[in-house]
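Nothing in this text is a laboratory measurement; each read-out follows from the coordinates by a stated rule. Remember, predicted model here, so these are calculated numbers, not experimental data. Don't worry about glycine lacking a Cβ; one is built from the backbone with ideal geometry, like all the others, and counts go over all protein chains shown.
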Amino acid sequence: MSGANNSFQRALCPLLVAGQCFALMPVSGLTGYDASTLQFRWLSPRVAYTFLSLVGIFCHLCVCVRELVVADHITYSACAPPIFFAVTFLATCFYLRLATKWPDLVSKWQTVEQTMLKDYGYPRNFERRCKFCAAFMLTASTVEHLMALYSCLLRALPRSTGGLDVVRAFYTSWFEQAFKMTEYALWKSLLLQLSNFLATFTWSYMDMYVTLVSMALTEKFLQFGEGLRAVRGKAAPLKFWREARQLYDNLCCLTRTVDEHISHLVLLCLASDLYFICLQLFNSLKNVKTLYGYIYFFYSFGYLLFRASSMCFCAAAVNEVSQKPRDVLYAVPAGTYNAEVERFIDRVTTDEVALTGFRLITLNRRLILTIVGSIVTYELLLVQQGNGQGSFSEELEYAANITIM
Amino acid sequence: MTGGFFKECDLAMMNTVTLNEENVNSFHHAISSVIVTAQCFGLLPVLGVTGPNAASLRFQWNSFRAVFSIFILLGAGLNMCFAVVLMQSGISFEQSDGVVFFGTVTTTYMLFLQLAKQWPNLMVEWENLELSQKHYGYPRRLHLKIKIIATAVLTGALVEHALSKSSRITVAAAHTDNITDMFHHYFTKTGTYNQMFAVMDYSFTTATLTLITNFIATFAWNFTDLFIILVSLALTERFHLFNQYLVSLRGKFLPESFWAQRREEYNNLSHLTRTLDSCISKIVLVSFGSNLYFICRQLLNSLSPLDGVINTLYFCWSFGFVLFRTVTLSLYAASIYDESLLPKRVLYDVPPESYRGEVSRFLSQIVTDTVALSGMNFFHITRTLLLTLAGTIVTYEIVLVQLNSITIIGSNTTNNMTRKFYE
């Protein structure tokens, strides 16, 4: 079927498959065309891989927390590594839980798609956009991780005696905290590096995932809106309005279902973005010593900002596009105004259709403004704190390298 | 009063419309003089502004006005880059003034170019609305009001610019002996044009260029607010005409077809607001953002003591003027929202025999729809926003004051460095 590649399941397939390489969303049958191919089984290699990843991240978390506990004083930047690993641990757990419900969600989505297929078809170019997003995220995360490795290497080189000892120096300087607790061994460091890489990837994956799911929802509302706009100001039969209202109801139900499944992910995403943006802004106020440090800092901060803002704007767009039918409904001519149109208007104006963060906050544009205001406020407060405490450049660099990886 | 209004515009008839007493108050004619002034500075490069009706408006990329606009845009962008280069020596609140000012100006030129593309369509829709609601007439003395407000704001801006130059010149004169040295000192050291002369050498041509660029940039910065005020005023006047007519029929018994027509007219007005909003919401956002920044900045500057009559006068005038502009802008834009809610009062008073389908529909539309300008849908401009803005400014001021006291204790900078940068 032409255009079937733009269906929800097919379009999101590249992103989800990429995630599976990093132990996220262990569902099988992602590449199928139909929701019936999706299956989740507890006893599968993918789930085992996820559990291994969880164990690895948990080890990192323990090491960081121990380091924090035995330190003299707790600073804002020193909290960053434990928070980073805690966030990624929670994210992997959430994805595992989401994987158990994924086949159900996709089949509900597919039902709505089928009802819209005859009149509206599939969204145009959606698959291309998803592919581009997945490729972009993979590339950008890899580049970031490599840059972190390189900066760690630069730090390790003076401490090594040359030759293969560079490897030992590299790992002991990167996982300093871990190798205080146990003895150095190559297999341990490789495992630690693998779980570190998985954690880094998970951290950026969250944003992209929420962005793409919101985009998919927005596309469906936009398709619906386009069909409605074609009859603006014209007379349309009762049957048309009844079908339009029912379709709108279905789309609202779909949004609510999606929200139930991913709202905790959305909240986690927002909170972690907020924290890390504040941290990065705080770091920017200290002098960065080398040119490479500059490049690394601006790249990682820019990438973080890009991810966070694209997630916020795409998620807020769901609320925006759900209000678009208003314009058409207000313009229905007096002769054709009937009970169905009235009911439709009531639905559009009184029901709030949006993604939420664990039902605590509604994602719309007003929220973005609030978040920006909060970031500025927290920044100013942090700067005052920083002025009072003096500089911690060495510790910050280490913290920055750990958390930004 | 009878329902003889146009559903579609008759192009042939439009072309024979001539300028007469009646439609000198139409929006297209009333705002033409202001747009022509702006076009001298490269803003809103639309052709056919002084034409007989909106159909004569068009935008072309290869027209002289558009090219001029792009040229100035590039100049402002270049200035912004210079200012960013200057900031490399260390990010501080004072240095960021230049970046913010020229950044705002560059963005403003880009947004007005984008608006110029949409302007013909917007004006055609506005004119269609005016023609379809011709039975209300045109707003009284709109062109006069627009001219008065434009003159007031631009004069205030000119006074501010002049005061800024004279205060700097007096500072420069205090430091040097002869005229040429004074100018040299003025351009390179008094903190206004730092960014240019950090990158280029001082010479007569570069100095003149800098002066001209600054003058144009200041105009653009002020024009943004003026433009939003004038557009809001015109739209409010249209709502006002509609409301005046409704109020005159308060409590009377009228047929349902009458209410159907009134609802459709209201819907056209709200649709026009939505179209206008989609065209200028970015400009509104940039305007509010830059005003917020500069108010905070000025309040911070007020903490350091000022020497000399000219300096004090300049500071008071410029701070007062920015505040005046922001408040005026908020009040005029919020009046659209307030006017759009007024039909409610008449509708609540409709006698029960008339309260059927159409009145109920009209009322629910007014109650549920927010008809207002917004800043890219982040916020709607209402009177509440003004209060929120004030609260935000106070909060940030308190924090900045604390910050400032920490940094000033540890440095010996003089007052001259904490002067307002962008003039």
Round to a whole angstrom and tell me the spacing of the C-alpha centers of the range A:297-336 and the range A:28-65. 32 Å
Inter-label distance, nm, simple model (7 Å from Cα along the C-beta direction), B:ASP201/B:ARG141: 5.9 nm
Among B:74-81, A:212-219, how do they line up by average Cβ neighbours within 10 Å per residue, starting with the highest? A:212-219, B:74-81
Each residue of the range A:133-150 in turn: what ³J(HN,Hα) in whole Hz from Karplus with 6.51, -1.76, 1.60 and θ = phi - 60°, glycine and Pro shown as x? 4, 5, 5, 4, 5, 4, 4, 4, 5, 4, 4, 4, 5, 5, 5, 5, 4, 5
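Work out the mean other chain Cβ neighbour count within 10 Å for the residues of A:363-376 and drop it here as an integer.
Taking all residues of A:363-376 together, the mean is 2.
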A:PHE240 neighbourhood, Cβ < 12 Å, K/R = +1, D/E = -1, net charge +1
What helices does chain B hold that run 27 Å or longer along their axis, going by alpha-carbon atoms, with a Kyte-Doolittle average of -0.5 or more, using DSSP H for the helix calls? B:64-87, B:93-132, B:142-175, B:204-247, B:256-301, B:309-341, B:383-409
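When the chain is fully extended, how far beyond the present Cα-Cα distance does B:GLN402 get from B:THR170, taking 0.36 nm per residue of separation?
Between B:GLN402 and B:THR170, full extension yields 80.4 nm more.
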Longer than 27 Å from Cα to Cα, which of B:LYS145/B:LYS252; A:LYS108/B:LYS282; B:LYS165/B:LYS282; A:LYS234/B:LYS134 are they? Say none if no pair is. B:LYS145/B:LYS252; A:LYS108/B:LYS282; B:LYS165/B:LYS282
Please give the net charge around A:VAL210, taking every other residue with its beta carbon less than 14 angstrom from that of A:VAL210, where Lys and Arg add +1 and Asp and Glu add -1. -2
Looking at the calculated P(r) for the range B:245-385, what percent of the C-alpha pair distances fall above 25 Å? 47 percent
So what are the three principal axis dimensions of chain B from its Cα atoms, in whole Å, longest to shortest? 83, 48, 34
By how many nm would the segment from A:LYS188 to A:THR370 lengthen if fully extended, with 0.36 nm per residue of separation less the alpha-carbon distance? 61.1 nm
Let me have the relative contact order for chain B, percent, based on Cα pairs under 8 Å that are six or more residues apart. 20 percent
Nothing charged except the Cβ atoms of Lys and Arg (+1) and of Asp and Glu (-1): what's the magnitude of the dipole of chain A about its Cα centre? Round to the nearest 20 debye. 760 debye
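Rounded to the nearest 500, what is the 222 nm mean residue ellipticity of chain B from helices alone, with -39500 (n - 2.57) per DSSP H run of 4+ residues and division by all residues?
Rounded to the nearest 500, the figure is -24500 deg cm²/dmol.
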Let's test the formula: R0 of 51 Å, r as the Cβ-Cβ distance of B:GLN244 and B:VAL67. What FRET efficiency results, to the nearest 0.05? 0.70
Simple label model, 7 Å out from Cα along Cβ direction - B:THR155 to A:VAL167, nm: 8.2 nm
Under the definition of partner shielding as Cβ atoms of other protein chains within 10 Å of a residue Cβ, what is the mean value for peptide B:361-370? 3
Remind me, relative contact order of chain A in percent, using alpha carbon pairs under 8 angstrom and six or more residues apart? 22 percent
Arranged by the count of other C-beta atoms within 10 angstrom, fewest first, what order do B:LEU389, B:LEU57 take? B:LEU389, B:LEU57
Using R₀ = 60 Å, calculate the FRET efficiency as 1/(1 + (r/R₀)^6) where r is the Cβ-Cβ separation of A:LEU153 and B:ARG383; round to 0.05. 0.55
Per DSSP helix of 4 or more residues, -39500 (n - 2.57); summed, then divided by the residues of chain A. What does that give at 222 nm, rounded to the nearest 500? -26500 deg cm²/dmol
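Based on the Cβ-Cβ distance of B:TYR348 and B:ASP181, what FRET efficiency does E = 1/(1 + (r/R0)^6) give at R0 = 51 Å, to the nearest 0.05?
According to the calculation, E is roughly 0.10.
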With the dipole of chain B defined by +1 on each Lys or Arg Cβ and -1 on each Asp or Glu Cβ, the option from B:LEU226, B:PHE288, B:ASN243 whose Cα lies farthest towards the positive pole is B:ASN243
Per residue of B:374-382, count partner chain C-beta atoms within 10 Å of its C-beta, then hand back the mean as an integer. 3
Please compute the volume of the convex hull spanned by the alpha-carbon atoms of the protein assembly as shown and report it per residue in Å³. 205 Å³
If I model a spin label as a point 7 Å beyond the Cα along the Cα-Cβ vector, how far apart are those points for B:VAL327 and B:SER360 in nm? 4.6 nm
